[in-house]
Amino acid sequence: MPTLLRMPAIAAGAETAVLSEWQVQEGVPFNKSDAIATVETDKAMVDMEAEDAGVILRFLVGSGEQVEVGAVIALSGTPGEAVDDIEAALRELGVQAASPSSNGSQPSSEKPNSSDAPTTVLSTHGGRVFATPLVRRLARDADLDLGAVSGTGPNGRIVRRDVEALLTQTSAPGTDATPAEPAEAHPPATDDNGDRGFRDVPHTRIRAAIAARLTGSKRDTPHFYLRGTCRVDSLQKMRAELNAAAENTDGPKVSVNDLIIKAAARAHTIVPAMNVVWTQDAVRRFDAVDIAVAVATNRGLLTPVVRDAARRSLSAVSADMSELAERARLGTLAQREIEGGSFCISNLGMYGTEEFSAIINPPQSAILAVGAALSEPVVQDGELAVATVMRVTLSVDHRPIDGSIAAEWMRTFVGIVESPLQILL
């Protein structure tokens, strides 16, 4: 018996999502837990998995369409099931055979053009290639010529996994291949005199969501700021020793950022009043320390969350962070991996930034901005010396956290960084 497949509630509170790409073909059976489609929310690209084995009898929403949560997106059946009259089956299930609305919320009995005949782009090799809007955007962000990609999707269409596979191959150590420059699919906009002086890049859902969320944070959240200076010579020495030991045992290496995550988590256990968020009716206190970490991607800034960072080992946190950062860049994070946490870390030190202030990412209550570790003159025991110094700035929501609590946390954090063996406790 055919059933209706609906857009799931991928993100809490989300009313719409974009069906970026179908991962299966009509009439081709799939297994339980197979990825049926890729859905784009305000924060991430999420694979929609099959709850049971089945087959898509008819796509009702095309790639790139925005769909209301709960709206019908396809007619599905059991493996091997065939329906002679699709329109009659849809009518029996209460679906009108009408063209979809502009926002994609109303299903159609006609197969969308974006699935039946994949959209094309002009390759720099002179031919045309079949690709979805999502794939075109991924290729544009990576300066990748789609003519160099072999499509494994329906009818030879290029799908997301094809682009990711080529990017992984070209970025591997020892690989000399570099992607060709893509053709300019849309010429830059021109001013009144016809000069090609600018090009408007439409907002992505993630970019629009970042803008709305941080604008709201700056407007509605009473920020205050504390600045601290850490001497990190001991931290760097400990990291070098840990990584030297890892080389001998083929274990994972740790980064400065991994150590900062653990130091912040340790400070939260010592000053638990910082491990809170503001809600409409109460200050919510957490038992576990979940820390979000800002990761720059081609699609915008994402903040995957490292769970229970205080109680887990440094190696476990390091491995988790490495995997989360990689999947953030590939756009394969699950929604649950970017939600929650009371605290965030944003590290721009690798870019040489000495010091900066960050905007709190709601509903979190604080964010630590980490600058570069630089050699500077310092006064030590009354004499001038040289030390490696790292400046940090803590942005705090004044509603659940008072200044004295934040100051205590900053003092604790600096002490842990300067005596880093505490990180391993």
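The values are calculated or read from the model by the stated rules, or taken from the named source; none is laboratory data. Remember, predicted model here, so these are calculated numbers, not experimental data. Positions of Cβ are generated from backbone atoms using ideal geometry, with glycine treated the same way; all protein chains shown enter the neighbour counts. SASA here: full protein model, heavy atoms, side chains in, ligands and nucleic acids out. Shrake-Rupley method; radii C 1.70, N 1.55, O 1.52, S 1.80 Å.
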Overall dimensions of the stretch 231-323 by Cα: Rg and Dmax, Å = 15.3, 53
ask   = For the stretch 306-369, what's the relative contact order in percent, using C-alpha pairs closer than 8 Å and at least 6 residues apart?
value = 27
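So what's Rg/Rh here for the stretch 17-61, counting alpha carbon atoms and using the Kirkwood radius for Rh?
Rg/Rh for the stretch 17-61 comes to 0.98.
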remark   = For the stretch 336-341, in residue order, the Karplus 3J(HN,Hα) values (coefficients 6.51, -1.76, 1.60; θ = phi - 60°; whole Hz; Gly and Pro = x) are 5, 7, 10, 10, x, x
message = Against the empirical 2.2 N^0.38 Å scaling, what ratio does the C-alpha Rg of the stretch 3-93 come to?
response = 1.05
remark   = Percent relative contact order for the stretch 3-93, counting Cα pairs under 8 Å at least six residues apart, stands at 35
request  = Starting from the exponent 0.38 and prefactor 2.2 Å, build the expected Rg for the stretch 281-388 from its residue count and divide its actual Cα Rg by it.
outcome  = 1.28
inquiry  = Tell me the carbon and sulfur percent of the accessible area for the stretch 3-93, rounded to whole percent, probe radius 1.4 Å.
reply    = 43
note = Taking alpha-carbon centroids only, the stretch 26-69 lies from the stretch 320-384 a number of Å equal to 34
ask   = Check ILE401: other-chain or 5+ apart residues with amide H under 5 Å from its amide H, H built from backbone geometry?
value = none
task = Take every Cα-Cα distance within the stretch 224-424, group them into 5 Å bins from 0 onward, and report for each bin the whole-number percent of pairs it holds.
result = 1, 8, 15, 20, 21, 17, 11, 5, 2, 1, 0
query = Looking at the stretch 3-93, what % of its DSSP beta bridges pair antiparallel, to the nearest 5?
reply = 95
message = Using a 1.4 Å probe on the protein heavy atoms only, what accessible surface does GLU87 show? Give it in Å² to the nearest 10.
response = 50
note = Ignoring ligands and nucleic acids, TYR225 exposes an accessible area, probe 1.4 Å, in Å² to the nearest 10, of 90
query = So what is the accessible area of the stretch 336-422 per residue, in Å², with the probe set to 1.4 Å?
reply = 44
request  = Return the sequence-ordered ³J(HN,Hα) values of the stretch 408-419 in whole Hz as given by the Karplus equation 6.51 cos²θ - 1.76 cosθ + 1.60 applied to θ = phi - 60°, using x for Gly and Pro.
outcome  = 5, 5, 4, 4, 5, 4, 4, x, 5, 5, 7, 10
inquiry  = Relative to 2.2 N^0.38 Å, what does the C-alpha radius of gyration of the stretch 328-425 come to as a ratio? Two decimals please.
reply    = 1.30
query = Taking K and R as +1 and D and E as -1, what net charge do the other residues with C-beta under 13 Å from the C-beta of VAL370 add up to?
reply = -1
ask   = How big is the convex hull of the Cα atoms of the stretch 228-276, per residue, in Å³?
value = 92
query = Can you give the accessible area of LYS253 in Å² (nearest 10), computed on protein heavy atoms with a 1.4 Å probe?
reply = 110
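Sort SER419, SER365 by accessible area with a 1.4 Å probe, largest first.
SER419, SER365
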ARG199-THR16 pseudo-label distance in nm [points 7 Å out on the Cα-to-Cβ vector] = 2.6
query = Going from most exposed to least, what order do GLU65, GLU355 have by accessible area with a 1.4 Å probe?
reply = GLU355, GLU65
key: Largest to smallest accessible area among HIS223, HIS203 [probe 1.4 Å]   = HIS203, HIS223
